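Before any comments, here is the structure.
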Amino acid sequence: MVALMALAGLVCGDRIRALAASYSAGEALASARRWPALELVCAAVAALAAWRAGPPYVCFAVIAVALAVIDWRTSTLPDAITLPAYPIVALALLPTGELPRALAGGAALTAVYGLLWFVRPEAMGLGDVKIAGLIGMAGAALSWQALVAAAFCGQLLGALYALSLLVTGRGARDTQFPFGTFMLLGTLPTLCLAS
């Protein structure tokens with residue numbers, strides 16, 4: 001099953017490359033065509049999610065990779081991917097028997113990020129609020145502790161990146177960066193360690 005999910009991740013990685021290129025200029029993705037790093041990362045993430053959390057979480061993991069790549073390259077989390085991801089992830093999590101808790105977790109994390117956005121809209125994009133629900137669903141389907149850990153890891157990774165920008169002089173206190181990428185990256189290890 002893990003090998004099959006890795007193969008699916010490899011195929012999805014190729015599609016993610018094309019999708020990311022459609023949201024950006026595509027030069028960097030096209031030039032990297034000789035080395036299939038994105039495909040290999042997607043295959044590894046899918047295999048790890050299947051092995052550690054279970055096959056129902058592979059769907060979220062692949063969507064997370066796609067959104068993280070697009071956000072990193074364009075600072076955009078497109079509604080065309082984010083919004084359809086909700087019913088897709090919900091259907092994928094249905095076999096876990098934890099869909100009610102997943103929906104509650106998604107609503108709770110969306111509310112937290114929505115409040116953060118309302119208080120300081122210049123510090124966070126509305127796209128980050130939208131993906132918080134997906135992260136909440138995936139985390140809460142495992143456990144409430146996994147939900148808290150996923151939210152914390154995303155914040156921690158974002159803070160460490162911001163700190164590195166300050167220390168290296170590549171940014172100031174008000175420098176904008178694609179925070180959604182770090183939210184999603186913080187969720188993937190949580191999924192792999194939560195089981």
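Is it true that some residue in region 72-82 is touching a residue at least 12 places away in the same chain (Cβ under 8 Å), on the phi > 0 side of the Ramachandran plot and hydroxyl-bearing (Ser, Thr, Tyr)? Let's see the steps before the verdict.
So the first thing to find is which residues in region 72-82 are touching a residue at least 12 places away in the same chain (Cβ under 8 Å), and the list is 72-79, 81-82.
Next, only the ones that are on the phi > 0 side of the Ramachandran plot stay: 75.
Pick out the ones that are also hydroxyl-bearing (Ser, Thr, Tyr) and you get 75.
Looking through region 72-82, at least one residue is touching a residue at least 12 places away in the same chain (Cβ under 8 Å), on the phi > 0 side of the Ramachandran plot and hydroxyl-bearing (Ser, Thr, Tyr).
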Tabulated pairs, region 1-27, first part of a helix (DSSP H, G or I) and open to solvent by 40 Å² or more (accessible area, probe 1.4 Å), second among the polar types (S, T, N, Q) and modelled with pLDDT of 80 or more, C-beta under 7 angstrom, 6+ apart or interchain: Tyr23/Thr74; Tyr23/Thr76
Selection within region 174-190 - in contact with a helix residue (DSSP H, G or I) (Cβ under 7 Å, 6 or more places away or on another chain) and either of a type in the set (Val, Ile, Thr) or open to solvent by 40 Å² or more (accessible area, probe 1.4 Å) (or both): Thr175, Phe177, Thr181, Leu185, Thr187, Pro189, Thr190
The lone exception for Leu134 - which of (1) over 13 Å from the mean Cα position of the chain (by Cα); (2) closer than 14 Å to Leu188 by Cβ; (3) at pLDDT 90 or above it fails: (1)
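Of everything in region 157-195 that's assigned to a helix (DSSP H, G or I) and of a type in the set (Phe, Trp, Tyr), which residue is nearest to Arg52 (Cα to Cα)? Even if it seems obvious, please write down each step before you answer.
Within region 157-195, the subset assigned to a helix (DSSP H, G or I) is 157-168, 179-194.
Going one step further and asking which of them are of a type in the set (Phe, Trp, Tyr), we end up with 161, 179, 182.
Working: Tyr161: 27, Phe179: 26, Phe182: 21 Å.
Among residues in region 157-195 that are assigned to a helix (DSSP H, G or I) and of a type in the set (Phe, Trp, Tyr), the one nearest to Arg52 (Cα to Cα) is Phe182.
Taking region 131-156, which residues are open to solvent by 60 Å² or more (accessible area, probe 1.4 Å), more than 15 Å from Ala104 (Cβ to Cβ) and either not polar (S, T, N, Q) or not in a helix (DSSP H, G or I) (or both)?
To start, the set of residues in region 131-156 that are open to solvent by 60 Å² or more (accessible area, probe 1.4 Å) comprises 144-145, 148, 152, 155-156.
Within this subset, residues satisfying the condition of being more than 15 Å from Ala104 (Cβ to Cβ) are 152, 155-156.
Result: Phe152, Leu156.
The values are calculated or read from the model by the stated rules, or taken from the named source; none is laboratory data. Just so it is clear, the model here is predicted, and its values are computed rather than measured. No Cβ is skipped: glycine too gets one built from the backbone with ideal geometry, and neighbour counts run over all protein chains shown. All accessible areas refer to the heavy atoms of the entire protein, side chains included, with ligands and DNA or RNA removed. Shrake-Rupley method; radii C 1.70, N 1.55, O 1.52, S 1.80 Å.
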